[in-house]
Amino acid sequence: MPASQSISNSPGVVQPAPDQSLGFDADCPVSQDTAQAFASQGYRFCARYLSLQAQTAPGDLTASEAQGILAGGLALMPVQHVLEPGWRPTAQLGQEHGANAAVQALAIGVPPQVNLWLDLEGVSATATAQEVIGYSTSWFHAVAAGTYRSE
């Protein structure tokens, strides 16, 4: 990916978020102007979504959007989409999704050691705790293999 499409050389730095920081998540692209407007209201971070697939889907976080969010004065917290409500977690699916999250983050230029966030919304009500743990553990390991942290 050309350097102009990477956030590696952006104005952002990798650092812990201060306690009680105000932020939001958005399931649609956030422009630099929107980021600036939120920052002026005291917001400090924006969570934006990575694709479940290896390729970016329309509406997912891109390098240019990430650059705009950072230039707009907000921190960026990449989080991965979830499947439709009622999805059933498996260790194999967790590994696949985690690997794709790491691929997406790398393609965007997210620096190593940035935390990628796991979203578990909409898990099937009949899923067992062990299935959720298996999915999550596999996801965490796949993300870590991509040199990212996971939460």
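Quick look at the numbers
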{"read-out": "Mean separation of Cα contacts under 8 Å (6+ apart) over length of the chain, as relative contact order %", "value": "26 percent"}
{"read-out": "Calculated over the stretch 80-151: convex hull of Cα atoms, volume per residue (Å³)", "value": "66 Å³"}
{"read-out": "For Asp25, residues with placed amide H under 5 Å, excluding near neighbours", "value": "Ala47"}
{"read-out": "Over the chain, volume per residue of the alpha carbon convex hull, in Å³", "value": "110 Å³"}
{"read-out": "Electrostatic dipole magnitude of the chain [Cβ: Lys, Arg +1; Asp, Glu -1; Cα centre; debye, to 20]", "value": "300 debye"}
{"read-out": "For the stretch 128-142, Karplus couplings with θ = phi - 60° (6.51, -1.76, 1.60), whole Hz, Gly/Pro x", "value": "7, 4, 5, 5, 5, 4, x, 4, 4, 4, 5, 4, 4, 5, 5"}
{"read-out": "MRE, 222 nm, helices only [DSSP H, n ≥ 4, -39500 (n - 2.57), over the chain, to nearest 500]", "value": "-11000 deg cm²/dmol"}
{"read-out": "Surface accessible to a 1.4 Å probe, Leu22 within the full protein complex, Å²", "value": "80 Å²"}
{"read-out": "Debye-sum result for the stretch 23-86 in log10 I(q)/I(0), which assumes one identical scatterer on each alpha carbon, at q = 0.21 Å⁻¹", "value": "-0.76"}
{"read-out": "Sequence-distant residues sharing a close amide H with Trp87 (under 5 Å, placed H)", "value": "Ser124"}
{"read-out": "Solvent-accessible heavy-atom area per residue, rounded to whole Å², over the chain at 1.4 Å", "value": "53 Å²"}
{"read-out": "Accessible area of the chain belonging to carbon and sulfur atoms, whole % at 1.4 Å probe", "value": "56 percent"}
{"read-out": "Long-range HN-HN contacts of Leu116 with modeled amide H, under 5 Å", "value": "Arg149, Ser150, Glu151"}
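The values are calculated or read from the model by the stated rules, or taken from the named source; none is laboratory data. Model, not experiment: these values are computed from the prediction. Using ideal geometry, Cβ is built from the backbone for each residue, glycine included, and neighbour counts are taken over all protein chains shown. The area values use the complete protein model at the heavy-atom level, side chains included, leaving out ligands, DNA and RNA. Shrake-Rupley method; radii C 1.70, N 1.55, O 1.52, S 1.80 Å.
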